[in-house]
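Okay, handing you the structure first.
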Amino acid sequence: MSLAPHTRAMVTVTIQVPRTASPGNLYGVIWAQETNLGKTSKASNIIETNRVGIRIYLNVGPGGSPPVNFDITSLRGTRSPAASFWSWRQVQNTGGQAIDATGTLKLTNGPGGLSAGPYHEPGVTLALVSLSRSR
């Protein structure tokens, strides 16, 4: 679909999943793109393109979306040589789909009455990881 500048249009998207598709989460994107050929220089071979996308999280199979779950397997804090507080944490995605993790870290009643924070952690996406389990 091509639009004139400063116009809008509603787009309906239909996703057809083949019957042979493996069950699980699938990820995709629907792109809207604008290419400005008016500023293109033949001498420089540069084309200006702007894109925006809408994420698709598609679950294939019976039973609805898989569960969201995670384990915090380690958490520790220390001070840097410059006396700044540093924290390390290891988080493992144990659920059935990717998750966006954010959080706040605050230390209270630490050694010698130490306290720190709250520190607001930016979001990070934890991908779905296949774990093999032995019986």
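The values are calculated or read from the model by the stated rules, or taken from the named source; none is laboratory data. Just so you know, these numbers come straight off a predicted model, no measurement behind them. Here Cβ is always computed from backbone atoms with ideal geometry, including for glycine, and neighbour counts include all displayed protein chains. These area figures cover heavy atoms from the full protein model, side chains too; ligands, DNA and RNA do not enter into them. Shrake-Rupley method; radii C 1.70, N 1.55, O 1.52, S 1.80 Å.
Within segment 69-97, track down each residue that is open to solvent by 60 Å² or more (accessible area, probe 1.4 Å) and assigned to a strand (DSSP E or B).
Matches in segment 69-97: F70, D71, I72, T73, L75, R76, R79, W86, W88, R89, Q90, Q92.
Separate question: What are the residues in segment 86-97 that are in contact with a Phe, Trp or Tyr (Cβ under 8 Å, 6 or more places away or on another chain) and modelled with pLDDT under 80, if any?
Selection gives S87, Q97.
Within the bounds of segment 34-45, is there any residue that is at pLDDT 80 or above and exposed (fewer than 11 other Cβ atoms within 10 Å of the Cβ)?
Within segment 34-45, not a single residue is at pLDDT 80 or above and exposed (fewer than 11 other Cβ atoms within 10 Å of the Cβ).
Write out, first by first residue and then by second, each pair whose Cβ atoms fall under 7 Å of each other, whose residues are 6+ apart or on separate chains, and whose first residue, in segment 12-28, is open to solvent by less than 70 Å² (accessible area, probe 1.4 Å) while the second is not in a loop (DSSP other than H, G, I, E, B).
If the second residue must be not in a loop (DSSP other than H, G, I, E, B), the pairs left are V17/V60; A21/V60; G24/V60; N25/Y57; N25/N59; G28/I56; G28/L58.
Of the conditions (1) out of contact with any strand residue (DSSP E or B) (no Cβ under 9 Å at 6 or more places or on another chain); (2) modelled with pLDDT of 85 or more; (3) within 30 Å of V13 (Cα to Cα), G63 clears all except one; give me its number.
(2)
Does segment 98-113 hold any residues that are in a strand (DSSP E or B), over 25 Å from L58 (Cβ atoms) and open to solvent by less than 70 Å² (accessible area, probe 1.4 Å), and which are they?
Result: G103, L105, L107.
Is there a residue in segment 1-13 that is basic (K, R), more than 24 Å from the chain's Cα centre (by Cα), modelled with pLDDT of 80 or more and more than 16 Å from N59 (Cα to Cα)?
yes
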